[in-house]
1. Go through (1) touching a strand residue (DSSP E or B) at 6+ places or on another chain (Cβ under 8 Å); (2) touching a residue at least 60 places away in the same chain (Cβ under 8 Å); (3) open to solvent by 30 Å² or more (accessible area, probe 1.4 Å) one by one and return the number of the condition Q32 breaks.
2. Just to be sure I understand the filter: pairs with C-beta atoms under 7 Å, separated by 6 or more residues or on different chains, first member in segment 81-92 and modelled with pLDDT of 95 or more, second member of a type in the set (S, T, N, Q) and assigned to a helix (DSSP H, G or I). Which pairs pass?
3. Scan segment 195-209 residue by residue and report those that are among the aliphatic types (A, V, I, L, M) and open to solvent by 30 Å² or more (accessible area, probe 1.4 Å).
4. What is the number of the single condition among (1) assigned to a loop (DSSP other than H, G, I, E, B); (2) of a type in the set (A, V, I, L, M); (3) under 22 Å from K186 (Cα atoms) that A50 does not meet?
5. Looking only at strands (runs of 3 or more DSSP E) that lie completely in segment 96-214, which have at least 2 residues being out of contact with any Phe, Trp or Tyr (no Cβ under 8 Å at 6 or more places or on another chain) and over 18 Å from T83 (Cβ atoms)?
6. Find the residue count for segment 79-95, including only residues that are in a loop (DSSP other than H, G, I, E, B) and surrounded by 15 or more Cβ atoms within 10 Å (Cβ to Cβ).
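The values are calculated or read from the model by the stated rules, or taken from the named source; none is laboratory data. Predicted model only: the values in this text are computed from it and were never measured. Ideal geometry is used to build each Cβ from the backbone, glycine not excepted, and the neighbour counts take in all protein chains shown. The area values use the complete protein model at the heavy-atom level, side chains included, leaving out ligands, DNA and RNA. Shrake-Rupley method; radii C 1.70, N 1.55, O 1.52, S 1.80 Å.
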Amino acid sequence: LMKELREALDKLGSENSRSYLLTTAVGCGPPQIAAVDYMTAAQHLDYIFAMTYDFYGAWSNVLGHHTALHPSENNSTNEGYNTSSAITKLLSAGVPANKLVLGVAMYGRGWKGVQSNDPSPFAGMGQGAIAGSWEPGIIDYKHIVEKYAGPSGQGIGGFSYSYDTKAEAPFLYNASTGELITYDDKRSTKAKRDYAAGLGLAGLFSWEIDADNGDILAAMNGE
């Protein structure tokens, strides 16, 4: 399919003196990566956008950082469900670094009813989706700041902010209600930017721009 699309775009480009990019956005769970012949497909693609988010969410009561850069000590239930593991697998599968774009999430995912005797709430289990911005379990970053993190970023309304330094992933937790939110913030976005630059990746992209208040975009651009 990629070969035929590339040939068709090249033919069209020769007819109207233009060039066309052929790109794709791909799922980054281990089964999704293993299902594609990237060595062949990458030859015909200009960029591959790695959707390094949605690793965990309220479709399951299993807890984890939905867009962590690295594996976390808090959660090891699903091995390989983090950004660096996915990027390593894609590079090993034959995607050139200069064609690979790393994803940043401008939204969070969350659960309700999370109770844990462990210091980390991720040791517990979820009991369904937290109220969302436009869908249960999904909260725009701008709403996370407004309603849960607050102006200081340290949490309001019973929520407290924590940062998993191993995973490079922030989260907000309300111990009294059991509500847990996992997301990207300025700090984790900068960690992703540095990681992408260190590997010589093509850059960063995000989903999605209207969920941001400007914080994430600025961090992506090194501000």
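1. (2)
2. Listed by first residue and then by second, the contacts come to nothing, as the list is empty.
3. We begin by selecting, within segment 195-209, every residue among the aliphatic types (A, V, I, L, M); these are 196-197, 199, 201-202, 204, 209.
Answer for segment 195-209, where residues must be among the aliphatic types (A, V, I, L, M) and open to solvent by 30 Å² or more (accessible area, probe 1.4 Å): A197, L199, A202, L204, I209.
4. (1)
5. Result: 107-111.
6. Start the filter on segment 79-95 by keeping residues that are in a loop (DSSP other than H, G, I, E, B), which leaves 79-82, 93-95.
Next, only the ones that are surrounded by 15 or more Cβ atoms within 10 Å (Cβ to Cβ) stay: 80-82, 93, 95.
Residues meeting the conditions: 5.
One line per residue, one yes/no per condition, for (1) among the aliphatic types (A, V, I, L, M); (2) closer than 21 Å to G29 by Cα:
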| site | (1), (2) |
| --- | --- |
| S72 | no, yes |
| L90 | yes, yes |
| V95 | yes, yes |
| G110 | no, yes |
| Q115 | no, no |
| P151 | no, no |
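This table checks each residue for (1) at pLDDT 95 or above; (2) touching a strand residue (DSSP E or B) at 6+ places or on another chain (Cβ under 7 Å); (3) closer than 19 Å to F55 by Cβ.
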position	(1), (2), (3)
A123	no, no, yes
E135	yes, no, yes
Y141	yes, yes, yes
G155	yes, yes, no
Y163	yes, yes, yes
A167	yes, no, yes
